[in-house]
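Right, one structure below, let's go through it.
Bear in mind these aren't lab numbers, they're just calculated from the coordinates by the rules spelled out. These numbers were taken from a predicted model, which means no experiment stands behind them. Here the Cβ positions follow ideal geometry from the backbone for every residue, glycine too, while neighbour counts run over all protein chains shown.
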Amino acid sequence: MTLRPLNSSDENRLFDFFHHLSPLTKSRYGPHPFDWETILALCRGEYKDYKCFVMLDDKNVIVAYSVIKKGYLDFEVPRLSKYNISLNFEHDYTLAPSVADAHQSKGVGSMMLKAIFKELSKAQAQKVILWGGVQESNEPAVRFYLKHGFKKLGCFEKQGKNLDMVKEF
Ligand SMILES: CC(C)(COP(=O)(O)OP(=O)(O)OC[C@H]1O[C@@H](n2cnc3c(N)ncnc32)[C@H](O)[C@@H]1OP(=O)(O)O)[C@@H](O)C(=O)NCCC(=O)NCCS
């Protein structure tokens, strides 16, 4: 498996990835819409402050995807400001990872996260927070983040209970 930045040749592959996610995974993962217009904009790099990465298998099928935003999402700033952390818009990042259903719990997400942490360290990242937090009921994901050095900051209500988590570099 290889991890690389998303590029303009990925339009159909990314469409297939999003459209094969199960209803359960989609209920846990929705950093942005999965419509064709958004896919084109992502693949063409039109969201200037987003960095997207994909992991591909040996048949060139996308098995995992992550979107990372430099800084914070505007609507999350008031909530995150209440925690005892300083928000650094130049050196902090907001992250949303996902793995295709058939590949979950096989180490793919861990491989992707480690590679992304390397990239972020090179970019002198100070910390990473989760995009929209993580649903408290999504126990495998909460365990996954704890295992990779994230700490719980606090919780908030949005269609159920969600946790904010941060990893400091
Ligand atoms: C959360 C998510 C990104 C984690 O990625 P993943 O590839 O499933 O995670 P990993 O396999 O790397 O690690 C998770 C578990 O698999 C286990 N694992 C790791 N390598 C493994 C391997 N080679 N074989 C079997 N299991 C393995 C880990 O030990 C871990 O188990 P544990 O948490 O019970 O200790 C992924 O499951 C996912 O996309 N879920 C749906 C969407 C989602 O919830 N996204 C997050 C929104 S905040």
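Scan segment 23-44 and report the pairs whose first residue is among the basic types (Lys, Arg) and whose second residue is away from the ligand (no atom under 13 Å from the Cβ), with Cβ atoms within less than 6 Å and a gap of 6+ or a chain change. Going by the 6 Å Cβ cut-off, the qualifying pairs are 44/8. Against the numbered list (1) more than 25 Å from residue 24 (Cβ to Cβ); (2) among the aliphatic types (A, V, I, L, M); (3) touching a Gly at 6+ places or on another chain (Cβ under 7 Å), residue 120 comes up short only at (3). Among the residues of segment 74-101, the ones that are over 21 Å from residue 148 (Cβ atoms) and in contact (Cβ under 8 Å) with a residue 24 or more places away in the chain come to 2 in all.
Selection of segment 58-74 for residues being surrounded by fewer than 19 Cβ atoms within 10 Å (Cβ to Cβ), in contact with a Ser or Thr (Cβ under 9 Å, 6 or more places away or on another chain) and either within 20 Å of residue 15 (Cβ to Cβ) or among the small types (Gly, Ala, Ser) (or both) yields only 71. Screening residue 130 on (1) more than 15 Å from the chain's Cα centre (by Cα); (2) closer than 24 Å to residue 23 by Cβ; (3) within 13 Å of the ligand (Cβ to nearest atom) shows it passes everything except condition (1). The residues of segment 1-22 that are closer than 15 Å to residue 44 by Cα and over 15 Å from the mean Cα position of the chain (by Cα), listed by number, are 7, 8, 9, 10, 11, 12, 13, 15. In this entry, residue 95 is excluded by the filter for residues that are within 12 Å of the ligand (Cβ to nearest atom), closer than 15 Å to residue 165 by Cα and either assigned to a helix (DSSP H, G or I) or in contact with a Pro (Cβ under 6 Å, 6 or more places away or on another chain) (or both). For residue 69, the stated conditions do not hold, so it cannot be described as in contact (Cβ under 8 Å) with a residue 40 or more places away in the chain, part of a loop (DSSP other than H, G, I, E, B) and within 25 Å of residue 158 (Cα to Cα). Please go through segment 72-92 and pick out each residue that is part of a helix (DSSP H, G or I) and of a type in the set (D, E, K, R). Within segment 72-92, 74, 76, 79 qualify.
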